[in-house]
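Following: one structure in structure tokens, then a few remarks.
The values are calculated or read from the model by the stated rules, or taken from the named source; none is laboratory data. These numbers were taken from a predicted model, which means no experiment stands behind them. A quick note on method: Cβ atoms are made from the backbone with ideal geometry, for glycine too, and the neighbour counts reach across all protein chains shown. Accessible surface is based on the protein model in full, side chains and every heavy atom, while ligands, DNA and RNA are left aside. Shrake-Rupley method; radii C 1.70, N 1.55, O 1.52, S 1.80 Å.
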Amino acid sequence: MIASYHPTLSEYLAHNPGVEGHGPWPRVHLVTDTWLALISRLPLSRWDLLAEWADGDKVMAAIRDDSDGAVAVLSLTTQDGRFPSLSHGWPSASRLERTIADLSGLTADSLGDTRPWLDHGTWPVQHPLGAATAHKPGALPLPYAFLPVDSEGTHQIPVGPVHAGIIEPGHFRFTCFGEAVVRLEDRLGYTHKGTETLMAGADLERAARLAGRISGDSTVAYALAFARAVEAATGTVIPPRAHWVRAVMAEMERIANHFGDIGAICNDVAFSLMHAHCGWLRERVLQAAAACFGHRLMMDRVVPGGVSCDLDDAGTQRLRDLVRQLRPRFEELVTLYDSTPSLQSRMLTAGVVQPEWVRQWGTGGFVGRATGRSFDARRSPGYEPYSQLDFTVPVRNEGDVNARVMIRIDEVHQSLSLIERLLQAMPPGPIHTAIVSADAPNSGNRHGEGVALVEGFRGDVFVSVRLNANGTIARCHLRDPSWFQWPLLMAAIKDCVVADFPLCNKSFNCSYSGPDL
Amino acid sequence: MLKLLLGSLLRRPPTLRTPVADPSAQEALERRLETRERPCLGRSLAIRQVDAGSCNGCELEIHALNNVVYDLERFGIRFVASPRHADALLVTGPVTTNMREALKRTYDATPDPKWVVAVGDCAVDGGVFRGSYAVTDGVANTIPVDLHLPGCPPAPEPLLSGLLALLEAGAEKTRD
């Protein structure tokens, strides 16, 4: 049998000229026929959906070709507010298109699931990013039609939105047969703050603050993705040192979150010793962040044009000492983790994610990498300064809770080593350059639209911005990695016992605020 | 074992020294006590945390209160899993319209006498999200608030000082 030839994304788009002023990757405006032809190719391709959102009367889709890492943004002008759904090729498009319907009022034709997603019927406005018509909310949120389970002897357990621990709000509807989970469905949107609407018309400083508060645990990653998208949109070249300071912060954020979560996962199987020790390690990273950058979570430190604070000699020394102290301590904990059968017995084979799901959903982060998908945005498409640093992307194939923990352990080791090398080779010089808006005299600014893909601790954060001529935000879309991780958690918990849910959930640690926007 | 004992003698404990109760929080609580009759809390405080739409930054720092450095429980303050077990609600986030009903019900489920602490700039007045169609600009617009602890997010130490002030306020009332 001769395998049929499938073009890469770049080859496929080669005959379609990109739209002017979009960087760093092309935006290609398609007609409906080409959009439909693209959908028909999806089942055969290795193209992953990075994001799908609406901008005015256009629907946009960012796509990455997994075979060569090429990224492109496709756009289509909707007809009477309708567009052909991408959900048949990419199941991940379903919730994105439901969100587009809620926020912008554009509807995807032949979308199977048309239940509202973020809109719980409590907003005083409908389609806030579209026509924004006034709406009188009811006294209570609208009821939600959970997916049915047709079987005798099952019972339901509703959980949330207010949970038992100190965590974000969301609703989980378990349908169980005895202790076994037959179906789990999540309903999110409780933390929807209308951030993208607030961004429209905001100046860059305010928009950057908002971007840094999409998901607080990934504030550096979001601020970085936003800044890179703005820099791409304005053709700004930032000083080299800024890239390196940004990377130090990004790796510290990664380590702090991994420490916290490794401890919390062990705590969920009643091994609180790991939790106590990991909590202390996390605290040390945050205290060092406060000492070096003036904020424990490093909020508002990455800004468009560079960074807002430099790393001085004392800070550099402090971080070197930190890495030196953390390494042996963490090593002891890894040994403890590896040699404790009670931990292993709960974590091995729990919450298995299938490789097929990861591929279909284009799932990134440690969830993807624990199931054989090696995608890491620092490596592909890659960005400064990682393109100058040699590092491997840890990948495992088991897809269970243990694999996700092991990936994070490997990433801690690697980030510690990255921080050392970043401190070693950090170039001197300025840390910020001004962003010049298009209407400034002699700005030479050809752009206006930019996108960025950045690897946060949880996975790839995608940001798209379109700027007004005066430099304010016209439209900004931010896509959290959890969009493509939540549905896999729901699938992975099937047939597990209810008691394994907290463990599996923690091993994913998806963001609520990130996808709720 | 010997190594461990020796290590414990030589190493300082990681725990932070007891911070002083936040004076401005104490003042605010005293004013609050003048306007509302509040029975005492005694020397212990059970807290139910409610995220009413935060970015999760506040949760990270509230979590940190439980770590070995801040060790909240040594002061008799602990987090509980249900509002029915709680003396106080610790509410974060600007209160999204989607969370408003859940917050109200959580408040109603908390037995009297109850205290409400709004944590973080968002919980105070909506913070950066103020004015959005999807938020209600702070906790006080949905349930009565006794104490505001601002910050974006507030670091664990000021959080701890604020909670100690709440504990003191309750205890002082006992002596009256």
If I go through the stretch B:107-121 residue by residue, how many of them are touching a residue at least 40 places away in the same chain (Cβ under 8 Å) and open to solvent by 20 Å² or more (accessible area, probe 1.4 Å)? 1
Apart from one, (1) crowded, with 16+ Cβ neighbours inside 10 Å; (2) at pLDDT 95 or above all hold for A:HIS135; the odd one out is (2)
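Can you confirm whether A:ILE166 is surrounded by 15 or more Cβ atoms within 10 Å (Cβ to Cβ), under 16 Å from B:GLY53 (Cα atoms) and outside the structural domain of A:LEU297 (by TED's automatic domain parsing)?
Details: surrounded by 15 or more Cβ atoms within 10 Å (Cβ to Cβ): yes; under 16 Å from B:GLY53 (Cα atoms): yes; outside the structural domain of A:LEU297 (by TED's automatic domain parsing): yes.
So A:ILE166 fits the description; yes.
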Among the residues of the stretch B:88-105, count how many are open to solvent by 10 Å² or more (accessible area, probe 1.4 Å) and either in contact with a helix residue (DSSP H, G or I) (Cβ under 8 Å, 6 or more places away or on another chain) or at the interface with chain A (Cβ under 10 Å from one of its Cβ atoms) (or both). 5
Quick test of your reading of the structure: A:GLY235 fulfils all but one of (1) at positive phi; (2) at pLDDT 95 or above. Name the failing condition by number. (2)
For the stretch A:460-481, check the following and say yes or no: at least one residue is part of a helix (DSSP H, G or I) and surrounded by 24 or more Cβ atoms within 10 Å (Cβ to Cβ). yes
I need a count of the residues in the stretch B:68-101 that are touching a residue at least 24 places away in the same chain (Cβ under 8 Å) and either polar (S, T, N, Q) or closer than 25 Å to A:VAL125 by Cβ (or both). 11
Output the residues belonging to the stretch A:26-63 that are at pLDDT below 95, open to solvent by 20 Å² or more (accessible area, probe 1.4 Å), farther than 23 Å from A:THR363 by Cα and not in a loop (DSSP other than H, G, I, E, B). A:HIS29, A:THR32, A:ASP33, A:THR34, A:LEU36, A:ALA37
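For every residue, the table says whether it meets (1) aliphatic (A, V, I, L, M); (2) free of Cβ contacts under 8 Å to residues at least 60 places away in the same chain; (3) assigned by TED's automatic domain parsing to the domain that holds A:LEU311; (4) over 21 Å from A:GLU411 (Cα atoms).
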| residue | (1), (2), (3), (4) |
| --- | --- |
| A:ILE238 | yes, no, yes, yes |
| A:VAL245 | yes, no, yes, no |
| A:MET249 | yes, yes, yes, no |
| A:GLU253 | no, no, yes, no |
| A:ASN257 | no, no, yes, no |
| A:ASP261 | no, no, yes, no |
| A:CYS266 | no, no, yes, no |
| A:ALA276 | yes, yes, yes, no |
Inside the stretch A:72-105, can you point out the residues that are more than 20 Å from A:TRP486 (Cβ to Cβ) and open to solvent by less than 10 Å² (accessible area, probe 1.4 Å)? A:ALA72, A:VAL73, A:LEU74, A:SER75, A:LEU76, A:PHE83
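Which of the residues spanning the stretch A:146-171 are away from chain B (no Cβ under 14 Å) and within 27 Å of the chain's Cα centre (by Cα)? Full working, then the answer.
Filtering the stretch A:146-171 for residues away from chain B (no Cβ under 14 Å) gives A:146-157.
Passing the criteria: A:PHE146, A:LEU147.
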Any chance you could count how many residues in the stretch A:390-419 are surrounded by fewer than 16 Cβ atoms within 10 Å (Cβ to Cβ) and touching a Lys or Arg at 6+ places or on another chain (Cβ under 7 Å)? 0
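Restricting attention to the stretch B:147-159, and to residues there that are more than 13 Å from chain A (Cβ to nearest Cβ) and buried (at least 20 other Cβ atoms within 10 Å of the Cβ), which single residue is farthest from A:MET199 (Cα to Cα)?
B:LEU147
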Kindly indicate whether any position in the stretch A:296-317 is away from chain B (no Cβ under 14 Å), touching a residue at least 60 places away in the same chain (Cβ under 8 Å), touching a His at 6+ places or on another chain (Cβ under 6 Å) and closer than 30 Å to A:ASP203 by Cα. yes
(1) part of a loop (DSSP other than H, G, I, E, B); (2) of a type in the set (A, V, I, L, M); (3) in contact (Cβ under 8 Å) with a residue 12 or more places away in the chain all hold for A:ALA101 apart from (1)
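Are any residues in the stretch B:113-135 among the aromatic types (Phe, Trp, Tyr) and more than 13 Å from chain A (Cβ to nearest Cβ), and if so, which ones? Full working, then the answer.
To start, the set of residues in the stretch B:113-135 that are among the aromatic types (Phe, Trp, Tyr) comprises B:115, B:129, B:133.
The one that is among the aromatic types (Phe, Trp, Tyr) and more than 13 Å from chain A (Cβ to nearest Cβ): B:TRP115.
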Note on A:MET406: of the conditions (1) more than 19 Å from the chain's Cα centre (by Cα); (2) in a loop (DSSP other than H, G, I, E, B), unmet is (2)
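Quick check on my filter: what residues within the stretch A:173-199 are within 14 Å of chain B (Cβ to nearest Cβ) and farther than 23 Å from B:GLY57 by Cβ?
Keep residues of the stretch A:173-199 that are within 14 Å of chain B (Cβ to nearest Cβ), which gives A:187-199.
Listed by number, the list holds a single entry, A:ARG187.
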Would you confirm, using the coordinates I've provided, whether A:HIS432 is open to solvent by 10 Å² or more (accessible area, probe 1.4 Å) and closer than 23 Å to A:GLY212 by Cβ? yes
Go through (1) part of a helix (DSSP H, G or I); (2) modelled with pLDDT of 95 or more; (3) closer than 22 Å to B:ASP22 by Cα; (4) not small (Gly, Ala, Ser) for B:LYS173 and report which single condition fails. (2)
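Looking at the structure I just gave you, is A:ALA250 part of a helix (DSSP H, G or I) and either more than 23 Å from B:CYS55 (Cβ to Cβ) or within 14 Å of another protein chain (Cβ to nearest Cβ) (or both)?
Working: part of a helix (DSSP H, G or I): yes; either more than 23 Å from B:CYS55 (Cβ to Cβ) or within 14 Å of another protein chain (Cβ to nearest Cβ) (or both): no.
No; evaluated as a whole, the condition is false for this residue.
Hey, which of the helices (runs of 4 or more DSSP H) in the stretch B:1-71, taking only ones fully inside, have at least 2 residues that are touching a helix residue (DSSP H, G or I) at 6+ places or on another chain (Cβ under 6 Å), buried (at least 20 other Cβ atoms within 10 Å of the Cβ) and within 14 Å of another protein chain (Cβ to nearest Cβ)? Spell out how you get there, then give the answer.
Values: elements: B:2-10, B:23-35, B:57-64.
Here the list reads B:57-64.
Within the group A:ARG346, A:ARG373, which residue is touching a residue at least 12 places away in the same chain (Cβ under 8 Å) and outside any loop (DSSP other than H, G, I, E, B)? Give the steps one after another, and end with the answer.
Values: A:ARG373 fails: outside any loop (DSSP other than H, G, I, E, B).
Residue meeting the stated conditions: A:ARG346.
State yes or no: is B:PHE79 facing chain A (nearest Cβ under 7 Å) and within 22 Å of A:LEU129 (Cα to Cα)? Outline the logic, then answer.
Values: facing chain A (nearest Cβ under 7 Å): yes; within 22 Å of A:LEU129 (Cα to Cα): no.
Answer is no for this residue.
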Which one is farthest from the chain's Cα centre (by Cα) among residues in the stretch A:263-313 that are among the aromatic types (Phe, Trp, Tyr) and more than 19 Å from A:GLY456 (Cβ to Cβ)? A:PHE271
Boolean, A:GLU384 is in contact with a Pro (Cβ under 9 Å, 6 or more places away or on another chain), more than 15 Å from A:ALA492 (Cβ to Cβ), surrounded by fewer than 20 Cβ atoms within 10 Å (Cβ to Cβ) and not basic (Lys, Arg): yes
